[in-house]
Structures are given as structure tokens and as C-alpha cells.
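Below is one structure, written out as C-alpha cells, with a few remarks after it.
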Amino acid sequence: MIILGIETSCDETAVAVVDDHRTVRSHLVLSQIDIHCLTGGVVPEVAARAHLDHLDRLILEAMKQADLNFSDLDGVAATCGPGLIGGVMVGMMAAKSVALAHSKPFIAVNHLEAHALTPRLIRDIPFPYLVLLVSGGHTQILLAQDIGRYQLWATTRDDAVGECFDKSAKMMGLPYPGGPHLEKLAAQCDDLFLARARYPLAIPMQYSKDLAFSFSGLKTAVRQIIDRESGAEDTLNRAYLAAALQDVIAQTLSLRASQAMEKFIAAGYPAHLPLGAPPALIVCGGVSANLVIRAALERAAQAQGFELMAPPLQYCTDNGAMIAWAGVELLKAGRTAPLNFKARPRWPLE
Ligand code: KG4
Ligand code: ZN
């Protein structure tokens, strides 16, 4: 089974061809970073037009690199939500056009489900498993029970974790998108203990029993530190601040992941797994590219007897392979969509 996958829900125009043997036959990502750097963030209308300008060429190039004709495909998948509606429509309409012209099934992919299924592109991970989805738009803990069956265990009350990275990075004068730049800056900090002492940032809602996240307070704390130190005799040590922020975010995510793993065990889910298979904690979405966060989650998973699975870095941020792979899984489950399927700017996984 060979699927063409198209991703245009934010600022990456991405196309890939993937088969059900987990071979990525082509994988193209055209980032709009240069365009959005000028405005310090994504302007939806600008993003949609940029997708429109490049998508046709990328689709043809992906087919060429995979050495396939459209007639060789078994289906065409596109992100149909959630995301910026203009961009989503560009990718969805392109996929529908290819499907219609070549009489192939069309597969409407939920972008969040694609992130949650990406580790299964690397190897088979049995359901149920826990998903920590951390991206620019979402911070969620999900129980993945099967294709199309998810329980939402936690979400954020305000900003997503990627948003906290991006906005704090912007305040520190770093370019868009802030997350990866902030990670690089934090790596220049030579003493994390000193960074923590100089910029004490508290884990948001540390003692809350419910699993909810909140990141807007951290962003405000960063703003206050920058305001306090600019002009004062203390000069802002940006690498220390970046390290302190990244550290508290890593602690926050691993605390909540630990609580979710406890809940998974208490609910008896290991009994649903094949004999000998350790329960899996999957971390996915753009922020899962952060190596300090991965390391913190790895320690938390090990402590609870879970296996942490994180996609390779090129499949963490938005890409076409994750959409094509979700297309493989959905088509196998018989979940195709009609050509009048409507794009969904909001599309909760539940
Ligand atoms: O999944 P994604 O590519 O797009 C959405 O669906 O939102 O995630 C993008 C987010 C951005 O906020 C970006 O700053 C963040 O992922 N990100 C990172 C890193 N790489 C990407 N955050 C922290 N550290 C990184 N290395
Ligand atoms: Zn994403």
C-alpha cells in the first residue's frame, strides 16, 4: 500500500510518499520560516498563499523522487484540520484533486492523530499507549486506544508549550520559531544550578491533582525578569534564562507524564498489552525535538517501567511522512473520506 501525504496546516509545506512497509519513499519539507521571520510569527493569509505557490511543484517532485506515477498510489491523504484554515484548504483541495483525477481514495487526516501515530512509522507499537503531544498549538496527554479512538487526559488551560517557547524566545530577541533557537541558547549555559538560582521559575500548578497544563504564567515570569534586569546593574544572562526556562518546562512535562503513567497503571491498561510488551509513552509534536525535554521524559519513563518512544527529529516537527503514514493506518482501517469532506479548523481528537 502506497500513500501520498500532504501537510499544510501551519508554516511547512510538506509532501511525502510512504508505504505500509514503513518505507519513506520521498519526504520534502519546504519551510516558510524566512517569510514568517519578517513578522515574528505566522500570518495565516500569507502562509496559505505560500502553500498555494509551492504545493503543486512539491507534489510532482515527491512523486518523482519516489519514482512513481499517480496510478501507483493506493490513496491520497491530507491534513484536514486542526490548523490554519486557509492553509489546510490548500492541501486538502490538492489531495482531493489528485484523488479525483486518478480515482484513488481520499483520506482526511487529523493533524493531531498523525503526530500521535508517527512513532508507529518507525516500528509497531501496540495499543493502548500514552501520548504526550507537545506542539506550537497543543499540549495534551492522550490515551491512544486504537486508530480513531483517543481519550483526552490533559490539555492546557491557556498557552501551548510551543507557544511559551516561541513567545519567551521572542522576548529574548531570538528569531522565529523560538523553540529550537532557545534550545541552542540554553546549551551555552555552563551551570544549570546557578541558572536555576538566578532565575527561579516555579513549575506551574505543581501541586494540582488534575493533569492540566498552564504555560502563560511562565511567559509572564520571563517578561518580568527581562523588564527587571534591563537597565539595572545586573545584565541579563540570556543563556542562563533560556536554560532555566527550558529546565522548568522539562520538569513540568515530566511531572505530568509521570502522573499520567501512574493513572495508566492504576487503570489496569498494561493488562491490555501483548505479553512482555512494556507500556509505551510517546512524545510527539514539534517540541519533542528538544533533547533536554526528551532526556527528562526518558528518566521519568524509566522510573515507571515505561518505554519512551520519540520520533526521529525530522518527523517531530510538521512533515508529510506523518500524514502519509496516518493515511496508511486509516486506509487499512477502512477510514476513507468523501470528496465533500469539510476542512475543520478545530478538530478535537476525541
Ligand atoms: O508540531 P509543530 O511543527 O507545529 C504545530 O503543529 O504546532 O510544532 C512547532 C512548535 C513551535 O512552537 C516550535 O518552536 C517548537 O515546536 N519546537 C521546539 C523545538 N523545535 C520545534 N521547541 C523547543 N525545542 C525545540 N528544539
Ligand atoms: Zn504539528
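Just so you know, all these numbers are worked out from the coordinates, no wet-lab data involved. Keep in mind that what you see is a predicted model, and the values were worked out from it rather than measured. Here Cβ is always computed from backbone atoms with ideal geometry, including for glycine, and neighbour counts include all displayed protein chains.
Placing unit charges on C-beta atoms (Lys and Arg positive, Asp and Glu negative, everything else neutral), compute the dipole magnitude of the chain about its Cα centre in debye, rounded to 20.
560 debye
Which order do 284, 164 fall in if you start with the one that has the fewest other Cβ atoms within 10 Å?
284, 164
Can you give the relative contact order of the chain as a percent, counting alpha carbon pairs under 8 Å and 6+ residues apart?
Relative contact order for the chain comes out at 26 percent.
Enumerate the residues in the stretch 82-112 having an amide nitrogen under 17 Å from the point lying 7 Å beyond the Cα of residue 45 toward its Cβ.
Of the residues in the stretch 82-112, 84-90 have backbone N under 17 Å from the label point off residue 45.
Using DSSP to call loops (not H, G, I, E or B), can you name the trypsin sites (Lys or Arg not before Pro) in the stretch 67-152 whose Cβ has at most 11 other Cβ atoms within 10 angstrom? Each step should come with its number before you reach the end.
Numbers: sites: 96, 120, 123, 149; in loops: 123.
Answer in residue order: 123.
Just tell me, in residue order, which DSSP H segments of the chain are both 27 angstrom or longer along the helix axis (alpha-carbon based) and at least -0.5 in mean Kyte-Doolittle hydropathy.
Counting only whole DSSP H runs, the qualifying helices are 44-66, 238-266.
Divide by every residue of the chain the summed helix terms, -39500 (n - 2.57) for each DSSP H run of at least 4, and state the resulting mean residue ellipticity at 222 nm, rounded to the nearest 500 deg cm²/dmol.
-13500 deg cm²/dmol
Which one, 68, 58, 182, has the greatest fluctuation when you compute a Gaussian network model over the chain with C-alpha springs under 10 angstrom?
Maximum among the listed residues: 68.
Counting other beta carbons within 10 Å of each Cβ, put 111, 181 in order, fewest first. Could you put the intermediate results ahead of the total?
Working: 111 28, 181 19.
Fewest to most other Cβ atoms nearby, the residues stand as 181, 111.
Residue separation times 0.36 nm, minus the C-alpha to C-alpha distance between residue 341 and residue 187: what's the value?
Stretched fully, the residue 341-residue 187 segment lengthens by 50.9 nm.
Can you pull out the trypsin sites (Lys or Arg not before Pro) in the stretch 219-320 that DSSP calls coil and that have at most 16 other Cβ atoms within 10 Å?
Of the trypsin sites (Lys or Arg not before Pro), not one in the loops of the stretch 219-320 has a Cβ with at most 16 other Cβ atoms within 10 Å.
For the stretch 156-261, which GluC sites (Glu not before Pro) pass both filters: DSSP loop (anything but H, G, I, E, B) and at most 11 other C-beta atoms within 10 Å? Mind showing how you got there, number by number?
On the way: sites: 163, 183, 229, 233; in loops: 233.
Counting only loop positions with at most 11 other Cβ atoms within 10 Å, the GluC sites (Glu not before Pro) in the stretch 156-261 are 233.
Please give the FRET efficiency for residue 69 paired with residue 97, using the beta carbon to beta carbon distance and R0 = 22 Å, rounded to the nearest 0.05.
Numbers: r = 16 Å, r/R0 = 0.72.
Efficiency for this residue pair is about 0.90.
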